[in-house]
1. Between Leu23 and Leu129, take the C-beta separation as r, use R0 = 30 Å, and let me know the FRET efficiency to the nearest 0.05.
2. For the peptides 80-87, 35-42, what is the packing order when you average, over each peptide's residues, the other Cβ atoms within 10 Å and list the highest mean first?
3. Efficiency by 1/(1 + (r/R0)^6): what FRET value for Arg66 and Glu167, r their Cβ-Cβ distance, R0 = 41 Å, to the nearest 0.05?
4. By average Cβ neighbour count within 10 Å, what is the ranking of 131-144, 45-58 from highest down?
5. Where in the range 29-71 does the amide nitrogen come within less than 15 Å of the point 7 Å from the Cα of Leu110, taken along Cα to Cβ?
6. Need one number for the chain: average projected area of the convex hull over its C-alpha atoms, nm².
7. So what does log10 I(q)/I(0) come out to for the range 52-151 at q = 0.12, 0.14 Å⁻¹, using the Debye formula with one equal point on every Cα and no solvent?
8. Would you kindly derive the ³J(HN,Hα) couplings of the range 55-68 from the backbone phi angles with the Karplus curve 6.51 cos²θ - 1.76 cosθ + 1.60 (θ = phi - 60°), listing them in order in whole Hz, with x for Gly and Pro?
Amino acid sequence: MSQAPSGNQVTSTPRRALAVAALFGGLAGWLLAVSTEALDVAPPSIPWSAPVGLLVVAALVGALARSTHQQIQVRRERMEPQRAVAFLVLGKASALGGALVAGGYLGYALSFVGRIEAEGPRERVVRSLVAVVGGVGLCVAGLLLERACRVPVDEDEERERRRLEAEE
């Protein structure tokens, strides 16, 4: 899906946007831990369902990226435009969401590292770090799905396009 009918390029998710999403997520995670401490409220614990859910979603998006890559890039089969756009949007959302979530859990985990001797903070750090792995996995799977949606360049069409550009 790299080229729309009007000739406009659809670009991959910029790495800067991923870094900004991770940074904002990290800030939000850290602020959550700090604000609960300042308000004398117990910081939220992280159930195992959160990191495991992230890992499952990352695996599903990764499997979709692999099958899409096989269909479009390897077998050179056509895909319905609406479906390809939906996969592209899912890839972009997964990449940005994964970066945001990974940053959030990392910021939350880092706020408890100083008190890791205690069971509660240690549990939060461990579960948060597993969730960070899930978030990074989701981000990578989303980027792979984006890449899989690129329309392969047909060499004959590319040569004809270059010839026409040279004549102009």
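Just so you know, all these numbers are worked out from the coordinates, no wet-lab data involved. Note that the structure is a prediction, hence the values are computed from the model and not measured. Glycine gets a Cβ as well: all are built from the backbone with ideal geometry, and neighbour counts include every protein chain shown.
1. Details: r = 18 Å, r/R0 = 0.60.
According to the calculation, E is roughly 0.95.
2. On the way: 80-87: 13.2, 35-42: 9.9.
Ranked by mean Cβ neighbours within 10 Å, highest first: 80-87, 35-42.
3. Working: r = 41 Å, r/R0 = 1.00.
Efficiency computed from Cβ-Cβ geometry: 0.50.
4. Details: 131-144: 23.1, 45-58: 15.5.
By packing density, highest mean first, the sequence is 131-144, 45-58.
5. Counting only backbone N, you get 29-34.
6. Numbers: hull surface 49.8 nm².
Mean orientational projected area (the chain, Cα hull): 12.4 nm².
7. At q = 0.12, 0.14 Å⁻¹ the computed log10 ratios are -0.45, -0.56.
8. With coefficients 6.51, -1.76 and 1.60, one gets 5, 5, 5, 4, 5, 5, 5, x, 5, 5, 5, 5, 5, 5 Hz.
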